[in-house]
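Take a look at the structure set out below.
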Amino acid sequence: MDTNKTYTKEEVTEIAKSVLGKTFGEINSYQSKIDEFSKGQFGHILEEDVYGYGANSSKDADFKEAGIELKVTPYKKNKNGTLSAKERLVITIINYLEDYKHNFYDSHLYEKSKMMQIIWYLYEEGKKHCDLKITHELLYSYPEEDLPIIINDYETIIDKIKKGKAEEISEADTMYLGACCKGANSSSLRKQPFSDKKAMQRAFCLKTSYMTQLVREYIGGEKIEKIIPDKKAAKLSFEDELINRLKPYYGKTVNELKELLDVNTDAKNVNELLLAKMLGVKGKVAQTDEFLKANIVPKTIRVEENGRIIESMSFPTFKFDKIVNETWNESDLYNIFYTTKFMFSIFEEKNGEYVFSKIKFWCMPLSILNNDIKDVWNKTKKVVLSGNIVKEVLPNGKRITNFPGMSENKYCHVRPHGQNANDNYPLPTEDRLTGLKEYTKQCFWLNNKYIKEIIEQ
DNA sequence: GCATGATCATGC
DNA sequence: GCATGATCATGC
């Protein structure tokens, strides 16, 4: 193997093109050994067998002369025919003790990501790794319209390190560039410069939601509407820019907004339509380039005249046989809160009419996620696993359960969420009291009182 | 008044 | 058919 091989930019891409349509089994030189190889091997096979250099995690770029980093990454086809990235694209480990000294263009992150030769393979469940096929490649550098957001993300992460809060950095804090936890236990704890608290090791990454849009754009050929097409001209961060655009509408009633924006409907999703109009979006706000890439989920919140928020906020139902077989960090609940930023549109009741009062961006603080929310999840798992779901059946047929209720935890609870009580998922353990083998679909809800606290912060 | 179980309505 | 957001019903 020639470890001194150097390539030009063109050669790197030319070689990437030469493996399109091939499986990993076809391109590796010792196929007999790798019917089943580990996940980290995908990149090594490209590095060693295709480009002919040794595995490399040094500070230099993979192709130093060309200034290019090689990235091999999976995508998948969803049941509904759409494409998604299978995972986030990890760029480089964050060095808490050093990275805060550098601005974006001066950073190790930029060095490792300013130009990346991305090679995509199609992940298919149940297939052997050697049978997975490489299908697309892209010589990628940050698009001009994404760069201001990525730089702002970098600064957000660095700011948290400077504030001595490295242990609180969540992927949902930022939009496209995330800081994801690397390592599962206390052996992955690292020192940080401005606090005595140790923080979990983290890496800079392009978020899964960002990679999904890249896949849909380059592999799927999709064109997606942007809220701010020219971000270079924008002086404010994306969030502040949105708030600025919406501010003129603060304090107006729903009826005034309908009139002003020429929305003539009494449909249930009228608030969604109004928001789109206020932002000058033709389609749905949730389906714009920025919201999809950043995994921002818009939610409407209504506050009653007396200040109460009547409804708690629901999340997707969980499958009983799935939750009992997962660890906390693998769970859907953890991943929703770890990666999702919410945009709350708040409507307040005044004199019997709803007034658009403001929007607020929010993500779940890690300190709550990994304590209270985790406790509720653990208890739920235990209830399902032990078969102790039903506590009592009332004469009217209503079933009182042992799932963690609203009064047990300040932040979230578990409650039914199906078409009706007979909309069931199978149980891994028969329910002891009733002998039921399946049970009403349930989901986690954010407590209405906690939502009130969030929007008042 | 509020927690909790249940259900409706809409859109994909 | 089902997920999701919205809402109802009951009883303490």
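The values are calculated or read from the model by the stated rules, or taken from the named source; none is laboratory data. Just so it is clear, the model here is predicted, and its values are computed rather than measured. Cβ sites come from the backbone with ideal geometry, for glycine too, and all protein chains shown count toward neighbours.
For the range A:382-411, filtered to residues that are surrounded by fewer than 17 Cβ atoms within 10 Å (Cβ to Cβ) and among the hydroxyl-bearing types (Ser, Thr, Tyr), the residue that is nearest to DNA strand B (Cβ to nearest atom) is A:SER407.
Residues in the range A:15-72 that are modelled with pLDDT under 80, of a type in the set (D, E, K, R) and under 20 Å from A:THR92 (Cα atoms): 4 in all.
Here the helices (runs of 4 or more DSSP H) wholly within the range A:291-408 that include at least 1 residues being at pLDDT 95 or above, in contact with a helix residue (DSSP H, G or I) (Cβ under 8 Å, 6 or more places away or on another chain) and away from DNA strand C (no atom under 15 Å from the Cβ) are A:332-339, A:374-386. Residues that are within 6 Å of DNA strand B (Cβ to nearest atom) and not basic (Lys, Arg) within the range A:412-457 comprise A:HIS413, A:PRO416, A:HIS417, A:GLY418, A:GLN419, A:ASN420, A:ALA421, A:THR440, listed in sequence order. Does the range A:117-129 include one or more residues that are more than 21 Å from A:TYR154 (Cα to Cα), of a type in the set (A, V, I, L, M, F, W, C) and at pLDDT below 85? No, every residue in the range A:117-129 fails to be more than 21 Å from A:TYR154 (Cα to Cα), of a type in the set (A, V, I, L, M, F, W, C) and at pLDDT below 85. Candidates are the residues of the range A:158-188 that are out of contact with any strand residue (DSSP E or B) (no Cβ under 7 Å at 6 or more places or on another chain), among the hydroxyl-bearing types (Ser, Thr, Tyr) and surrounded by 14 or more Cβ atoms within 10 Å (Cβ to Cβ); the one that is farthest from A:ALA294 (Cα to Cα) is A:SER170. Any idea which of A:LEU274, A:LEU260 is crowded, with 19+ Cβ neighbours inside 10 Å, assigned by TED's automatic domain parsing to the domain that holds A:ARG245 and out of contact with any Asp or Glu (no Cβ under 6 Å at 6 or more places or on another chain)? Going through A:LEU274, A:LEU260 in turn, the sole match is A:LEU274.
Going through A:PHE347, A:PHE342, A:PHE315 one at a time, which residue ends up being buried (at least 18 other Cβ atoms within 10 Å of the Cβ) and either within 25 Å of A:TYR210 (Cα to Cα) or basic (Lys, Arg) (or both)? Full working, then the answer.
Numbers: A:PHE347 fails: either within 25 Å of A:TYR210 (Cα to Cα) or basic (Lys, Arg) (or both); A:PHE315 fails: buried (at least 18 other Cβ atoms within 10 Å of the Cβ).
On inspection, the qualifying residue turns out to be A:PHE342.
Within the range A:412-432, the residues that satisfy the criterion of being more than 15 Å from DNA strand C (Cβ to nearest atom) and surrounded by fewer than 17 Cβ atoms within 10 Å (Cβ to Cβ) are A:PRO428, A:THR429, A:GLU430, A:ARG432. When the criteria are applied in full, A:ILE119 meets the requirement of being surrounded by 17 or more Cβ atoms within 10 Å (Cβ to Cβ), within 18 Å of A:GLN213 (Cα to Cα), in contact (Cβ under 8 Å) with a residue 60 or more places away in the chain and in the same structural domain as A:ILE157 (by TED's automatic domain parsing). Of all residues in the range A:122-157, those being aromatic (Phe, Trp, Tyr) and crowded, with 20+ Cβ neighbours inside 10 Å number 1. Cβ separations smaller than 7 Å between residues 6+ apart or across chains give the following pairs from the range A:303-324 residues that are within 14 Å of A:VAL376 (Cβ to Cβ) and of a type in the set (Gly, Ala, Ser) to residues that are near DNA strand C (Cβ under 10 Å from one of its atoms) and not in a loop (DSSP other than H, G, I, E, B): A:SER312/A:TRP445; A:SER312/A:ASN448.
Among the residues that make up the range A:371-380, is at least one of them of a type in the set (Asp, Glu), exposed (fewer than 15 other Cβ atoms within 10 Å of the Cβ) and free of Cβ contacts under 8 Å to residues at least 60 places away in the same chain? The answer is no, given that none of the residues of the range A:371-380 is of a type in the set (Asp, Glu), exposed (fewer than 15 other Cβ atoms within 10 Å of the Cβ) and free of Cβ contacts under 8 Å to residues at least 60 places away in the same chain. Could you check how many residues of the range A:257-283 are out of contact with any helix residue (DSSP H, G or I) (no Cβ under 9 Å at 6 or more places or on another chain) and within 20 Å of A:VAL303 (Cβ to Cβ)? Number satisfying all stated conditions: 2.
Run down A:LYS282, A:LYS268 and say which single residue is in contact with an Asp or Glu (Cβ under 8 Å, 6 or more places away or on another chain), in a loop (DSSP other than H, G, I, E, B) and exposed (fewer than 14 other Cβ atoms within 10 Å of the Cβ). Show your work before the answer.
Details: A:LYS268 fails: in contact with an Asp or Glu (Cβ under 8 Å, 6 or more places away or on another chain).
The unique qualifying residue is A:LYS282.
Across the range A:306-331, the qualifying residues are those that are of a type in the set (A, V, I, L, M, F, W, C) and out of contact with any Asp or Glu (no Cβ under 7 Å at 6 or more places or on another chain), and the one among them that is farthest from DNA strand B (Cβ to nearest atom) is A:TRP328.
The set of residues in the range A:423-456 being free of Cβ contacts under 8 Å to residues at least 12 places away in the same chain and either in contact with a Lys or Arg (Cβ under 9 Å, 6 or more places away or on another chain) or not assigned by TED's automatic domain parsing to the domain that holds A:SER386 (or both) consists of A:GLU453 alone.
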